[in-house]
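One structure is given below, encoded as structure tokens.
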Amino acid sequence: ETGVTQSPTHLIKTRGQQVTLRCSSQSGHNTVSWYQQALGQGPQFIFQYYREEENGRGNFPPRFSGLQFPNYSSELNVNALELDDSALYLCASSLASGFTDTQYFGPGTRLTVL
Amino acid sequence: DQQVKQNSPSLSVQEGRISILNCDYTNSMFDYFLWYKKYPAEGPTFLISISSIKDKNEDGRFTVFLNKSAKHLSLHIVPSQPGDSAVYFCAASGGGAQKLVFGQGTRLTINP
């Protein structure tokens with residue numbers, strides 16, 4: 001069983017640009033959640049997708065959007081990048097929706113916005 | 001509004017002794033609590049969880065205690081081992097809001 005993978009590992013963008021981060025869930029996991037972790041802070045929940053539908057969202061503006069595909073891959077898209085978007089972005093997959101089922105995290109993508 | 005707080009940024013414990021990590025929350029609607037461990041350059045790894053209908057859950061060396069009246073939970077690690085050195089996050093969910101709220105983390109260092 002392969003783990004959760006994310007790409008790219010690191011990314012540098014400039015303010016105002018758009019970025020797409022990718023996640024490959026464990027096979028069979030219908031749920032993917034995305035988190036933003038700023039330096040020295042805990043992860044902040046962005047949103048969760050279950051069977052390709054958004055299933056919950058944290059306090060993030062609409063310029064943060066996502067997609068989940070039938071092949072257990074997913075994307076996080078961020079438009080109009082701001083300096084404060086610099087962070088580690090984590091995805092986590094699980095079998096069931098919600099948070100009582102064990103989530104398996106990927107290693108993250110480090111985004112730097114200049 | 002920090003709904004889940006870990007007030008100790010760091011903790012140092014001698015190998016073999018007990019490590020106690022603490023977490024406080026403000027939202028009384030939270031009904032499910034989790035602890036994660038994170039090593040550098042890796043994603044968080046699930047450790048142990050507890051539902052609000054329980055006040056204790058054990059898994060090997062790890063025990064989580066929940067005090068609902070105080071809105072406080074703690075993670076006990078006994079005995080502590082060098083491989084336990086990591087950042088520990090508590091997290092909470094529930095109350096109808098489909099989201100998971102993390103604390104800021106506590107860096108645990110186990111000294112030989």
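The values are calculated or read from the model by the stated rules, or taken from the named source; none is laboratory data. These numbers come from a predicted model, not from an experiment. Heads up, the Cβs are rebuilt from the backbone with ideal geometry, glycines too, and the neighbour counts pull from every protein chain shown. Keep in mind that these areas ignore ligands, DNA and RNA; they rest on the heavy atoms of the full protein, side chains included. Shrake-Rupley method; radii C 1.70, N 1.55, O 1.52, S 1.80 Å.
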Inset, instruction - Of the conditions (1) within 14 Å of chain B (Cβ to nearest Cβ); (2) out of contact with any Lys or Arg (no Cβ under 6 Å at 6 or more places or on another chain); (3) small (Gly, Ala, Ser); (4) within 22 Å of B:Ser49 (Cβ to Cβ), A:Gly40 clears all except one; give me its number. - result: (4)
Inset, instruction - Hey, can you tell me all the residues within region A:1-16 that are within 12 Å of chain B (Cβ to nearest Cβ) and either part of a strand (DSSP E or B) or of a type in the set (Lys, Arg) (or both)? - result: A:Thr5, A:Gln6, A:His10
Legend entry - Scan of region A:57-106 for residues that are polar (S, T, N, Q) and closer than 25 Å to B:Lys37 by Cβ, ordered by number: A:Ser74, A:Ser86, A:Ser93, A:Ser94, A:Ser97, A:Thr100, A:Thr102, A:Gln103
Inset, instruction - Considering only residues that are among the acidic types (Asp, Glu) and modelled with pLDDT of 95 or more, look in region B:1-60 and name the one that is surrounded by the most Cβ atoms within 10 Å (Cβ to Cβ). - result: B:Asp24
Legend entry - Lone qualifier among A:Gly66, A:Gly98 - being under 11 Å from the mean Cα position of the chain (by Cα) and within 17 Å of B:Lys99 (Cα to Cα): A:Gly66
Inset, instruction - Within region B:87-101, count every residue that is open to solvent by less than 10 Å² (accessible area, probe 1.4 Å) and either within 14 Å of B:Glu15 (Cα to Cα) or under 13 Å from the mean Cα position of the chain (by Cα) (or both). - result: 5
Inset, instruction - Could you pull out the residue among B:Gln104, B:Gln81, B:Gln98 that is modelled with pLDDT of 95 or more and facing another protein chain (nearest Cβ under 8 Å)? - result: B:Gln104
Inset, instruction - Could you list, in sequence order, all residues of region B:5-19 that are part of a strand (DSSP E or B) and either of a type in the set (Asp, Glu) or away from chain A (no Cβ under 12 Å) (or both)? - result: B:Leu11, B:Ser12, B:Val13, B:Gln14, B:Ser19
Inset, instruction - Taking A:Ala96 as meeting all but one of (1) touching a strand residue (DSSP E or B) at 6+ places or on another chain (Cβ under 8 Å); (2) in a loop (DSSP other than H, G, I, E, B); (3) at the interface with another protein chain (Cβ under 10 Å from one of its Cβ atoms), write down the number of the exception. - result: (3)
